[in-house]
Amino acid sequence: MAEEKSIPISTHSICQNLRTKALYIPGGNLQNLAETNPFSDYWCNCTMTGVGPDDRFVSPEGCKTTRSCFDPVGGKSLV
């Protein structure tokens, strides 16, 4: 039996408001939000457009913890 290798999803936090159609097809997962795919369209679930509430474009690389609207998957840390 072949040994399965675990690949980390991402080295950075993922915003829970970032969306792409790839999430809604069979087999879609958070990996679709970890790296920008040039063939995918991304939108913010808060604004339902390609621009977030802070008037900046959304993408896996663009939605970072430094943005005021960033809301990480799993919620914000209480510490």
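The values are calculated or read from the model by the stated rules, or taken from the named source; none is laboratory data. Computed from a predicted model, the values in this text were never measured in an experiment. Using ideal geometry, Cβ is built from the backbone for each residue, glycine included, and neighbour counts are taken over all protein chains shown.
Computed values, structure above
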read-out: Selection within segment 43-73 - among the β-branched types (Val, Ile, Thr) and assigned to a loop (DSSP other than H, G, I, E, B); value: Thr47, Thr49, Val58, Thr65, Thr66, Val73
read-out: Filter result (at pLDDT below 95 and assigned to a strand (DSSP E or B)) within segment 20-42; value: Thr20
read-out: First in segment 34-51 and among the hydroxyl-bearing types (Ser, Thr, Tyr), second anywhere and surrounded by 15 or more Cβ atoms within 10 Å (Cβ to Cβ) and in a loop (DSSP other than H, G, I, E, B), Cβ under 8 Å, 6 or more apart; value: Thr36/Ser59; Thr36/Pro60; Tyr42/Val58; Tyr42/Ser59; Tyr42/Pro60
